[in-house]
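Enquirer: Right, I'll just put the structure down here and ask away after.
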Amino acid sequence: MNDILMKNRKVLIAAPVHPVLTEALATMGYEFIINEKVTQASALEVVGECVGIITSTRLQLDKALIDAAPNLEWIGRMGSGMEVIDVPYAESKGIRCIGSPEGNCNAVGEHALGMLLALTRRIAVSNTEMKQGVWLRDENRGIELENKTIGIIGYGHTGAAFAKKLSGFDMQVLAYDKYNPHLIPQGITNCKNLDPIFENADIISFHVPHGRATFHYFNETFLAAMHKPFIIINTSRGSVVSINDLYNGIAAKKIVGACLDVFETEPVSKMPAEMAAQMRELITLPNVITTPHIAGYTFEALFKMSKILAEKIYMR
């Protein structure tokens with residue numbers, strides 16, 4: 001009987017995971033189908049026998065895929081952001097949806113800080129110049145973060161992690177979270193709306209999920225509301241920042257710098273022609289730092305996310 005149960009308890013692993021997770025699943029009696037490159041179409045053919053699915057952003061766990069898995073008991077998300085899962089529909093069918101945002105929030109916070117310092121202290125551009133044999137000191141005079149005001153929009157795991165990294169820089173930190181303002185601790189200004197951020201921020205950092213309410217959160221209206229020239233950081237979701245409005249803001253010198261780890265379409269090579277042309281121009285600018293969606297993609301984060309998922313699956 002136990003052998004039959006074990007053979008039928010299959011899990012599709014559609015994301016890179018650490019062995020700590022696969023070893024834990026094996027101990028719990030699961031078999032797994034590992035396919036990090038699985039497509040939406042091919043997933044439909046294999047999920048019918050699965051009781052669990054582990055994904056990152058590769059699969060959309062929509063109604064069609066969920067319906068194709070009549071034995072599904074749980075869905076595990078490597079990382080933060082449950083937008084790849086139709087959570088209400090899954091839960092209506094008794095399927096538990098499990099995230100692991102605690103696992104990569106430190107990595108994202110470190111990355112956001114690293115990009116910000118690379119930009120403000122001109123580390124990235126001067127490093128490139130040095131490799132080309134160019135020595136420029138006055139042209140690469142940077143600015144300090146001390147006494148600057150930063151607005152953190154979204155104070156979940158990653159927003160809080162970034163704020164923690166900033167705590168030693170003697171900055172004024174303003175935070176706005178529409179849904180969980182109670183999470184914002186003392187020592188950080190808890191904004192009831194965006195007005196204090198619009199008025200005072202030198203730097204804006206987005207830490208919000210993908211969704212209807214956050215699609216093009218940064219847009220022409222947001223840009224116009226900002227009182228001072230500012231730096232923008234986005235390590236959340238690409239759809240949060242309109243590339244067109246970002247491009248226009250930089251062209252108008254209202255945005256004095258940008259740090260981008262995520263983009264409206266990824267990779268950049270798959271962008272529509274006009275958007276791709278804007279991105280190619282932005283990437284070449286000395287006041288723009290870009291990375292290929294790696295903020296939460298450290299070796300340590302892979303281990304932590306895998307371990308957290310294993311623990312949550314076991315406790316379910």
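The values are calculated or read from the model by the stated rules, or taken from the named source; none is laboratory data. Computed from a predicted model, the values in this text were never measured in an experiment. For neighbour counting, all protein chains shown are included, and Cβ atoms are generated from backbone atoms with ideal geometry for every residue, glycine included.
Enquirer: Kindly list the number of the only condition in (1) in contact with a helix residue (DSSP H, G or I) (Cβ under 6 Å, 6 or more places away or on another chain); (2) in contact (Cβ under 8 Å) with a residue 40 or more places away in the chain that fails for ALA14.
Expert: Among (1) in contact with a helix residue (DSSP H, G or I) (Cβ under 6 Å, 6 or more places away or on another chain); (2) in contact (Cβ under 8 Å) with a residue 40 or more places away in the chain, the lone unmet condition for ALA14 is (1).
Enquirer: Ok, one more. ALA161: assigned by TED's automatic domain parsing to the domain that holds GLU110, in a strand (DSSP E or B) and either within 30 Å of VAL87 (Cα to Cα) or modelled with pLDDT under 95 (or both), yes or no?
Expert: Taking the combined requirement at face value, the residue does not satisfy it.
Enquirer: Give me a count of the residues in the range 180-190 that are crowded, with 16+ Cβ neighbours inside 10 Å and in contact (Cβ under 8 Å) with a residue 24 or more places away in the chain.
Expert: The total comes to 2.
Enquirer: Would you confirm, using the coordinates I've provided, whether PHE299 is at pLDDT 95 or above, of a type outside the set (Ser, Thr, Tyr) and within 16 Å of ASP245 (Cα to Cα)?
Expert: no
Enquirer: Has the range 115-123 got any residue that is in the same structural domain as PHE32 (by TED's automatic domain parsing), in contact with a Gly (Cβ under 7 Å, 6 or more places away or on another chain) and in a loop (DSSP other than H, G, I, E, B)?
Expert: First, pick out the residues of the range 115-123 that are in the same structural domain as PHE32 (by TED's automatic domain parsing): none.
No: the range 115-123 contains no residue that is in the same structural domain as PHE32 (by TED's automatic domain parsing), in contact with a Gly (Cβ under 7 Å, 6 or more places away or on another chain) and in a loop (DSSP other than H, G, I, E, B).
Per-residue answers, yes or no, for (1) in contact (Cβ under 8 Å) with a residue 60 or more places away in the chain; (2) crowded, with 20+ Cβ neighbours inside 10 Å; (3) aromatic (Phe, Trp, Tyr):
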| position | (1), (2), (3) |
| --- | --- |
| GLY154 | yes, yes, no |
| LEU166 | no, yes, no |
| PHE169 | no, no, yes |
| GLU199 | no, no, no |
| PHE215 | no, no, yes |
| HIS227 | no, no, no |
| ASN248 | no, no, no |
| ILE255 | no, yes, no |
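Enquirer: How many residues are surrounded by 11 or more Cβ atoms within 10 Å (Cβ to Cβ) and under 20 Å from ALA258 (Cβ atoms) if we restrict to the range 132-152?
Expert: Final tally of qualifying residues: 11.
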